[in-house]
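The values are calculated or read from the model by the stated rules, or taken from the named source; none is laboratory data. The structure displayed is predicted, hence computed values, not measured ones. Cβ placement follows ideal geometry from the backbone for every residue including glycine, while neighbour counts extend to all protein chains displayed.
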Amino acid sequence: MELDKIENILEKYFQGETTIAEENQLKEYFSSSDVAQHLEQYKPMFGYFSQVKQQKSTHEILLRSKKRNAAWLSIAASVVVLLGIGTYFFVREKNAAPVAAHSELGTYDNPEEALKATQKALALLSNHVNTGIESVQYINEYEESKNKIFKQ
């Protein structure tokens, strides 16, 4: 009876369906001296598991310190921040130089130039206002259609 039970558990073991208790039964059975002749071939496999379980490793594992990497990372981050700040001030100073040359912005000595600049600015403003009015006309058309459909 016990042999049938061991064979069933062994079949479940190879299908990957055994519980830990059943696997322990197999280990006990194959570590004993009275193993059936046709199951003798599995004895080294289960013997290996119990043998390896008792082994202890004496090999030393060296762990590297991550503090050294963190130091380099912080130095690199500081350099990047300093370069960013330096670039910001350099670009700001470069862009600010032409503005300082024209301290009187928006004033013209020649009245004809002033008239042309004013007309250009008003034309640009008119285009934007017309675009906004067209959008409002679409909204009015939508409202009229909605009122026809829902008869409010």
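Summary table
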| item | result |
| --- | --- |
| Residue in the range 20-36 that is surrounded by the most Cβ atoms within 10 Å (Cβ to Cβ), counting only those that are part of a loop (DSSP other than H, G, I, E, B) and touching a helix residue (DSSP H, G or I) at 6+ places or on another chain (Cβ under 9 Å) | VAL35 |
| Residue check, ALA117 modelled with pLDDT of 80 or more and assigned to a helix (DSSP H, G or I) | yes |
| Any chance SER65 is of a type in the set (Gly, Ala, Ser), in contact with a Lys or Arg (Cβ under 9 Å, 6 or more places away or on another chain) and modelled with pLDDT under 80 | no |
